[in-house]
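*Asks:* Below: one structure in structure tokens.
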Amino acid sequence: MDELTRLLATDEDSELLPVGIELEDKLFVSKRVLDGSGVLSVYRDAPTDGDSGWVLLAGNEPDSWFEDPNKFQERSVAWALKADPSLRSILGAPPESSLERDAVDQDWAELEDSE
């Protein structure tokens, strides 16, 4: 969607998004989130063409999940914003960002590097 189309759109999901993020861009979602758990943890890898780099988590996935691609499904940014509108506030975070919150009604907080 080009900038003019986005600005003229009336659909609430077409509100201005951060530069480099499009509604049709992909992200990966944990099956725990897809099964109804709220999104409590997110991180962003380097984006590629059509991939936002974002991964949405319930926050209680064991480390072994990250080795099994079947534990995640690809969805669009538009889908994610419908599922959790608060994600709009963090979509512009740079690659290598990790954020979490204790409950879905709380604000996002950036995780500090533990090094």
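The values are calculated or read from the model by the stated rules, or taken from the named source; none is laboratory data. Please read these numbers as outputs of a predicted model, since none were measured by experiment. Counting neighbours? That spans all protein chains shown, and the Cβs are built from the backbone with ideal geometry, glycine included.
*Asks:* Only one residue in GLU74, GLU15, GLU3 is among the acidic types (Asp, Glu) and at pLDDT 95 or above. Which one?
*Replies:* GLU74
*Asks:* Given the criterion basic (Lys, Arg), touching a Ser or Thr at 6+ places or on another chain (Cβ under 9 Å) and over 17 Å from ASP35 (Cα atoms), identify the matching residue among ARG88, ARG101.
*Replies:* Residue meeting the stated conditions: ARG101.
*Asks:* On to the next question. Please verify whether segment 81-90 includes one or more residues that are part of a loop (DSSP other than H, G, I, E, B), under 14 Å from the mean Cα position of the chain (by Cα), surrounded by 11 or more Cβ atoms within 10 Å (Cβ to Cβ) and at positive phi.
*Replies:* no
*Asks:* Please count how many residues of segment 96-115 are surrounded by 12 or more Cβ atoms within 10 Å (Cβ to Cβ) and in a loop (DSSP other than H, G, I, E, B).
*Replies:* Going through segment 96-115 one residue at a time, the tally reaches 4.
*Asks:* A follow-up question, please. Name every residue in segment 39-68 that is out of contact with any strand residue (DSSP E or B) (no Cβ under 9 Å at 6 or more places or on another chain) and part of a strand (DSSP E or B), in order of residue number.
*Replies:* Within segment 39-68, just THR48 meets the criteria.
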